[in-house]
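The structure appears below as structure tokens.
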Amino acid sequence: MSDKAHTLALFSDFHEAALAIAALRQSHIRGFKMADVTLKSPIEHPECAAELGDRPVYIQLFSLLGAVLGSGLGFLLISSAQANFLRQQRGGFPIVPVPPNMVITYELFILTSVFFTVIACVIFWKLPGRRSRLYNVEISVDKIGLLVKSDPEAVAPIKEIFSRHHALEISSSP
Amino acid sequence: MAPEIHDVDHETEVAIERRFVAKAKDIDEDIHWAQINEDVLRSLERPRPLFWVIFFASLALFLYGVACEVYQYKTGLGVADLENPQVWGLYIATFIFWIGMSHSGTLLSAILHITHADWRKPIYRFAEAMTTFSLMTAGLFVLVHLGRLWQFYYVAAYPNERWAWPNFTSPLVWDATAIGTYLTSSIIFLYFGMIPDLAICRDKATGLRGVFYRFLSLGWLGTDRQWANFRVTYLTVACLLIPLAVSVHSIVATDFAVSQQPGWHTTSFPPYFVAGALYSGCAAIITLFIILRYTFRFERYMTMPILEKICKLTFAISMVWTYLNLIEYASVWYGTDPYQKQALIFRATGTYAPWWWSMNILGSVVPFALTFKAVRNSISTLMIVSLLLNLGMWIERFMIVTPTFAHGYYPWLWTRDWWPNWVQVGIILGSFGWFTMLFMLFCKIFPSVSMYEVKEMVYHRRAARKVRLAQAAAMPSEA
């Protein structure tokens, strides 16, 4: 892994970045995969990101898992918290009153779902993470970046493609 | 410079836009992305002097409230004149008021987000902050009202070995759970939505501030994978927050509705509370919009067309509230319960009649001012109207709580008119100071305008304009 090189190009708009991605895809350069190309931008641009290929998002599965666990465990937790099996129950009092528990279960269902959704997102982001040496603060302002991880011998043709598509700045490491 | 997406010359563009765009724009579409960063980041450093005036005034109010609370805590709830039958006083009325205020953030962030109303983008952040701080303030009232602060955990749903507390069939336990869930989810939603902007702050800040923003931004890089996951997460949490917000205020309404007290035992209470919450939240948004716009020099982002849209939304919700209010009066008036009817008559003609009429006029008549364009375009008039609406909604909560205690089933109650004393008023003022202080601090430390969302807004609007221009150019005969 450590022998991989990184190349970052900055573009002034999404259109040029999308063209550069398409050119990379069609280039058949040996030593990199499209999965190793990353688009960095100040806003989300699904159309440009689509050029990179299918990158599915699995967050909703975790939301669903959170909802199911929240409902089930929530009801069980509340019921076990209120149930008291050590003394004789008085007549007419349910050990576990279902209607009030449904209210609390509903809240826990949402809370657990929110927790699972956000935790899943942070995991998929691979955060907290460290910024690479090629990080450019202009990306958080108004530039669009394309970062490619490749073999060292692929850096030159990749740079050539970026130059052809009017990259404003190209840097590479190591 | 922002990415350029249109290539029609300026004169042609202006000529075509005049034909197609009759209305004022929500935001200047040609504003550069770098300018957006600069304007918003400047707000974190150099606000107008009014910021410090508001901050120190709210700090003073807060300290006064703390002094009153300490006095009440050390001496007992008697110093607040809380005794039978008036056991709730202003505390619970103000608790409902703050819970209601919290609904504005959900409305602007979640409901308008899933309905793709992009004009919300420059203003939703501070509405979310309002939600969080309102809930924190509301939560304090549960403690203040308890008197015995050390027994606060009685309302939490913890294991029931003692068989006395918590009472799981009490709506107060539901309340604590609902508010805890809403507060936690709101803080997560607020923080999560800020991460891309915190990364921008991180890139610009130095020293301790830089460390602070670096820690909070979690290493955000703005990659395509991060954005895709971010969007889905944000949308999912927004969808979860909407039923949560409705449930929270419904449960607060249930505190009243499940009791047998005259004036409270009505099925329309939950929707009535939710509508009232959205209403007071919208009115508060107008107030804070005007303050932030001036204090932090956000005139380019918090524009008059956006303010006008909030005014229209507020008016619409005020009519929903008015309708539900009338439904409640009608169902009591034409119902068969004489006690409910007596409670209503007492509200309209008894000791609290001036307040009841004030509530109806401020809540149902004053909003009609918002139907006039001249009012919607006048900042000072809007400030006054929004404050009046807020006052009306606070009185509404006071009118829900107090007259019922003063006119219950027992005749001995009917001579017990009650007015809040200085301790209660001091704590209430302190809560406003606490909320304002936290809110202003938030706006000084965190970007109160969402930079990445405003960038998206101008980007997509420019793209839409490009399409319009292309369509116009393709139809020369209609030009």
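Is there a residue being small (Gly, Ala, Ser), touching a residue at least 24 places away in the same chain (Cβ under 8 Å), facing chain A (nearest Cβ under 9 Å) and under 27 Å from A:Pro128 (Cβ atoms) anywhere in segment B:217-230? Lay out the reasoning, then the answer.
Initially, segment B:217-230 is screened for residues small (Gly, Ala, Ser), giving B:217, B:219, B:222, B:228.
Restricting the remaining residues to those that are touching a residue at least 24 places away in the same chain (Cβ under 8 Å) gives B:222.
Remaining after also requiring facing chain A (nearest Cβ under 9 Å): B:222.
Filter once more, keeping what is under 27 Å from A:Pro128 (Cβ atoms): B:222.
Yes, some residue in segment B:217-230 is small (Gly, Ala, Ser), touching a residue at least 24 places away in the same chain (Cβ under 8 Å), facing chain A (nearest Cβ under 9 Å) and under 27 Å from A:Pro128 (Cβ atoms).
Could you check B:Ile99 against (1) more than 10 Å from chain A (Cβ to nearest Cβ); (2) part of a helix (DSSP H, G or I); (3) in contact with a Ser or Thr (Cβ under 9 Å, 6 or more places away or on another chain); (4) within 30 Å of B:Asp39 (Cβ to Cβ) and say which number it fails?
(4)
Please go through segment B:172-186 and give me each residue that is at the interface with chain A (Cβ under 7 Å from one of its Cβ atoms), within 17 Å of B:Thr131 (Cα to Cα) and touching a residue at least 40 places away in the same chain (Cβ under 8 Å), ordered by number.
B:Ala178, B:Thr181, B:Ser185
Scan B:Ile445, B:Ile400 and give me the residue that is under 27 Å from the mean Cα position of the chain (by Cα), buried (at least 16 other Cβ atoms within 10 Å of the Cβ) and not hydroxyl-bearing (Ser, Thr, Tyr). Even if it seems obvious, please write down each step before you answer.
Working: B:Ile445 fails: buried (at least 16 other Cβ atoms within 10 Å of the Cβ).
Residue meeting the stated conditions: B:Ile400.
Does segment B:287-295 include one or more residues that are among the charged types (D, E, K, R) and crowded, with 20+ Cβ neighbours inside 10 Å? Break it down stepwise before answering.
Quick first cut of segment B:287-295, residues among the charged types (D, E, K, R) only: B:293.
Imposing the further condition that a residue be crowded, with 20+ Cβ neighbours inside 10 Å reduces the set to B:293.
Yes, because at least one residue in segment B:287-295 is among the charged types (D, E, K, R) and crowded, with 20+ Cβ neighbours inside 10 Å.
Identify the residue in segment A:99-133 that is outside any helix (DSSP H, G or I) and small (Gly, Ala, Ser) and, among all such residues, is nearest to A:Gln60 (Cα to Cα).
Let us first name the residues in segment A:99-133 that are outside any helix (DSSP H, G or I), namely A:126-133.
Filter again for small (Gly, Ala, Ser), leaving A:129, A:132.
Details: A:Gly129: 23, A:Ser132: 29 Å.
Residue satisfying both the conditions and the ranking: A:Gly129.
Got at least one residue in segment B:157-171 being at positive phi, surrounded by fewer than 19 Cβ atoms within 10 Å (Cβ to Cβ) and free of Cβ contacts under 8 Å to residues at least 12 places away in the same chain? Quick ask: steps written out before the conclusion?
As a first pass, look at segment B:157-171 and keep what is at positive phi: B:163.
Applying the additional criterion that residues be surrounded by fewer than 19 Cβ atoms within 10 Å (Cβ to Cβ) yields B:163.
Restricting the remaining residues to those that are free of Cβ contacts under 8 Å to residues at least 12 places away in the same chain gives B:163.
So far as segment B:157-171 goes, yes, one or more of its residues are at positive phi, surrounded by fewer than 19 Cβ atoms within 10 Å (Cβ to Cβ) and free of Cβ contacts under 8 Å to residues at least 12 places away in the same chain.
For segment A:4-40, name all the residues that are β-branched (Val, Ile, Thr), over 14 Å from A:Ala154 (Cβ atoms) and in a loop (DSSP other than H, G, I, E, B).
Taking segment A:4-40 and keeping what is β-branched (Val, Ile, Thr), we get A:7, A:21, A:29, A:37-38.
If we keep only those that are over 14 Å from A:Ala154 (Cβ atoms) as well, we get A:21, A:38.
Answer for segment A:4-40, where residues must be β-branched (Val, Ile, Thr), over 14 Å from A:Ala154 (Cβ atoms) and in a loop (DSSP other than H, G, I, E, B): there is none.
Give segment A:49-59 a look and list any residue that's in a helix (DSSP H, G or I) and either surrounded by fewer than 16 Cβ atoms within 10 Å (Cβ to Cβ) or more than 8 Å from every other protein chain (Cβ to nearest Cβ) (or both), or say none. Before the answer, list the steps.
First, the residues of segment A:49-59 that are in a helix (DSSP H, G or I): A:49-50, A:59.
Within segment A:49-59, A:Ala50 is the sole residue that qualifies.
Based on what the data block shows, is B:Tyr153 within 14 Å of chain A (Cβ to nearest Cβ) and within 25 Å of B:Glu69 (Cα to Cα)?
On the way: within 14 Å of chain A (Cβ to nearest Cβ): yes; within 25 Å of B:Glu69 (Cα to Cα): yes.
Answer is yes for this residue.
Please name all residue pairs, on different chains or six or more residues apart, with Cβ atoms under 8 Å, provided the first residue is in segment A:49-70 and is not assigned by TED's automatic domain parsing to the domain that holds A:Ile110 and the second residue is part of a loop (DSSP other than H, G, I, E, B).
A:Ala49/A:Arg55
Yes or no, residue by residue, for (1) of a type in the set (Ser, Thr, Tyr); (2) at the interface with another protein chain (Cβ under 9 Å from one of its Cβ atoms); (3) surrounded by fewer than 19 Cβ atoms within 10 Å (Cβ to Cβ):
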site	(1), (2), (3)
A:Thr7	yes, no, no
A:Phe11	no, yes, no
A:Phe14	no, yes, no
A:Ser27	yes, no, yes
A:Leu39	no, yes, no
A:Leu61	no, no, yes
A:Leu64	no, no, yes
A:Ser71	yes, no, yes
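Working only within segment B:60-88, note down all residues that are among the aliphatic types (A, V, I, L, M) and exposed (fewer than 15 other Cβ atoms within 10 Å of the Cβ). Even if it seems obvious, please write down each step before you answer.
Within segment B:60-88, the subset among the aliphatic types (A, V, I, L, M) is B:60-61, B:63, B:66-67, B:70, B:77, B:79-80, B:82, B:87.
Those that are among the aliphatic types (A, V, I, L, M) and exposed (fewer than 15 other Cβ atoms within 10 Å of the Cβ): B:Ala60, B:Leu63, B:Ala67, B:Val70, B:Val87.
Considering each of B:Phe152, B:Phe133 in turn, give the residue that is aromatic (Phe, Trp, Tyr) and under 14 Å from B:Phe439 (Cα atoms).
Numbers: B:Phe152 fails: under 14 Å from B:Phe439 (Cα atoms).
From the options B:Phe152, B:Phe133, the qualifying one is B:Phe133.
Residue under question is B:Gly263, and the condition is that it be buried (at least 23 other Cβ atoms within 10 Å of the Cβ) and modelled with pLDDT under 90; does it hold?
Working: buried (at least 23 other Cβ atoms within 10 Å of the Cβ): yes; modelled with pLDDT under 90: yes.
Answer is yes for this residue.
The values are calculated or read from the model by the stated rules, or taken from the named source; none is laboratory data. Owing to the predicted nature of the structure, the values given are computational and were not obtained by experimental measurement. Ideal geometry is used to build each Cβ from the backbone, glycine not excepted, and the neighbour counts take in all protein chains shown.
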